[in-house]
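Asks: Sharing a structure here in structure tokens format.
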Amino acid sequence: MQVAAHLSPSQMKHDANTLYPDGPALRRTIQVLRPLICPFGEIISAVPERATLLDIGCGSGLFIGLLARHRNITLASGFDASAPAIALAQQMQSIHPKADKITFEHRAVGAPWPDQMFDVVTIIDLFHHLSPADQAATFKNAVDRLKPGGKLIFKDVGRTPAWRAFFSWLHDLVVAREFIHIPAERDIEKWARDNNVQLTTRATHNMWWYGHELWVFEKPVS
């Protein structure tokens, strides 16, 4: 995937600093620094212009905030199980130049999802926080929210090499205070087959000591 030069990690860090001028210090700092360790530029480049988008497990809304600055979107909606994260996302929305095109909801992954169908559904660094038993059902729900011809953009930390996976495991143990469950490649491939979506892009992105796996799937038109 080609990414425009202006979508460099340093530029997005600057954007994040602008989007989150206030808020709890730790949570705000995480938003500002995250573009340095997560390949948001590559994810944004996979989103078509004028798309409608659902971001599952959106956290404090950073991806949607960045996306709306760099893509001419029609609508981007996110939900997350964390009330404090959504509170910060809504605070960010209130000052965003495209506030009328973005929305955030406090909603658990296991609760009923929005009924609307979307051009794009994104799942960014969510699955390793879910139990293995919940991962397959969440993948299916994501595909079910896609319009025919729509894209499912799936990004999570990688299992290999082991030393990069260790740093991801350590990161979440310290920051999120939980043991993570990184999805296996064979499971992702099985979920795609079971839900009849076609893989169009697969890429590995290493940033600092973190490894990322990016998958883009397309739902058949018929």
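The values are calculated or read from the model by the stated rules, or taken from the named source; none is laboratory data. Keep in mind it's a predicted model, so treat the numbers as computed, not measured. Counting neighbours? That spans all protein chains shown, and the Cβs are built from the backbone with ideal geometry, glycine included. Ligands, DNA and RNA are stripped out before the accessible areas are found, and what is left, the full protein with its side chains, is counted by its heavy atoms. Shrake-Rupley method; radii C 1.70, N 1.55, O 1.52, S 1.80 Å.
Asks: Among the residues of region 99-122, what is the count of those that are assigned to a loop (DSSP other than H, G, I, E, B) and open to solvent by less than 60 Å² (accessible area, probe 1.4 Å)? Let's see the steps before the verdict.
Replies: Going through region 99-122, the residues assigned to a loop (DSSP other than H, G, I, E, B) turn out to be 107-117.
Applying the additional criterion that residues be open to solvent by less than 60 Å² (accessible area, probe 1.4 Å) yields 107-109, 111, 113-114.
Number of matching residues: 6.
Asks: Could I ask something else about it? Please go through region 128-162 and give me each residue that is open to solvent by less than 30 Å² (accessible area, probe 1.4 Å), within 19 Å of GLU185 (Cα to Cα) and small (Gly, Ala, Ser), ordered by number.
Replies: ALA142, GLY158
Asks: Can you tell me how many residues within region 182-205 are within 21 Å of ILE37 (Cβ to Cβ) and open to solvent by 90 Å² or more (accessible area, probe 1.4 Å)?
Replies: Result for region 182-205: 1.
Asks: Something else now. Would you be able to say whether some residue in region 173-181 is more than 26 Å from LEU33 (Cβ to Cβ), among the acidic types (Asp, Glu) and either at pLDDT below 95 or open to solvent by less than 80 Å² (accessible area, probe 1.4 Å) (or both)?
Replies: Looking only at region 173-181, we keep the residues that are more than 26 Å from LEU33 (Cβ to Cβ), and these are none.
The answer is no, given that none of the residues of region 173-181 is more than 26 Å from LEU33 (Cβ to Cβ), among the acidic types (Asp, Glu) and either at pLDDT below 95 or open to solvent by less than 80 Å² (accessible area, probe 1.4 Å) (or both).
Asks: Now for a separate question. Which members of region 6-20 meet the condition of being more than 18 Å from HIS212 (Cβ to Cβ) and open to solvent by less than 50 Å² (accessible area, probe 1.4 Å)?
Replies: ASP15, LEU19, TYR20
Asks: Give me the residue from region 83-97 that is in contact (Cβ under 8 Å) with a residue 24 or more places away in the chain and open to solvent by less than 60 Å² (accessible area, probe 1.4 Å) and, out of that set, farthest from the chain's Cα centre (by Cα).
Replies: HIS96
Asks: Shifting gears a bit: Mind telling me which of the residues ARG34, ARG50, ARG69 ends up being open to solvent by 60 Å² or more (accessible area, probe 1.4 Å), charged (D, E, K, R) and in contact with an Asp or Glu (Cβ under 7 Å, 6 or more places away or on another chain)?
Replies: Working: ARG34 fails: in contact with an Asp or Glu (Cβ under 7 Å, 6 or more places away or on another chain); ARG50 fails: in contact with an Asp or Glu (Cβ under 7 Å, 6 or more places away or on another chain).
On inspection, the qualifying residue turns out to be ARG69.
Asks: In the list GLY23, GLY59, GLY78, GLY41, which residue meets the criterion of being under 14 Å from the mean Cα position of the chain (by Cα), surrounded by 16 or more Cβ atoms within 10 Å (Cβ to Cβ) and in a loop (DSSP other than H, G, I, E, B)?
Replies: GLY59
Asks: Still on this structure, please answer the following. With the structure loaded, tell me whether ALA165 is part of a helix (DSSP H, G or I), in contact (Cβ under 8 Å) with a residue 24 or more places away in the chain and surrounded by fewer than 19 Cβ atoms within 10 Å (Cβ to Cβ) or whether it fails that test. So that I can check it myself, show each step before the final result.
Replies: Working: part of a helix (DSSP H, G or I): yes; in contact (Cβ under 8 Å) with a residue 24 or more places away in the chain: yes; surrounded by fewer than 19 Cβ atoms within 10 Å (Cβ to Cβ): yes.
Taking the combined requirement at face value, the residue satisfies it.
Asks: So, one more: Residues being hydrophobic (A, V, I, L, M, F, W, C) and over 19 Å from TRP215 (Cα atoms): count how many of those fall in region 26-51.
Replies: So the answer is 5.
Asks: What's the number of the condition ASP125 fails, among (1) on the phi > 0 side of the Ramachandran plot; (2) open to solvent by 80 Å² or more (accessible area, probe 1.4 Å)?
Replies: (2)
Asks: Look at ILE182 and say whether it is in a strand (DSSP E or B) and touching a helix residue (DSSP H, G or I) at 6+ places or on another chain (Cβ under 9 Å). Spell out the reasoning first.
Replies: Details: in a strand (DSSP E or B): no; touching a helix residue (DSSP H, G or I) at 6+ places or on another chain (Cβ under 9 Å): yes.
No; evaluated as a whole, the condition is false for this residue.
One line per residue, one yes/no per condition, for (1) within 24 Å of ARG27 (Cα to Cα); (2) in contact with a helix residue (DSSP H, G or I) (Cβ under 7 Å, 6 or more places away or on another chain); (3) modelled with pLDDT of 95 or more; (4) of a type in the set (A, V, I, L, M, F, W, C):
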residue	(1), (2), (3), (4)
LEU88	yes, yes, yes, yes
SER94	yes, no, yes, no
VAL120	no, no, yes, yes
LYS140	no, no, yes, no
LYS147	no, no, yes, no
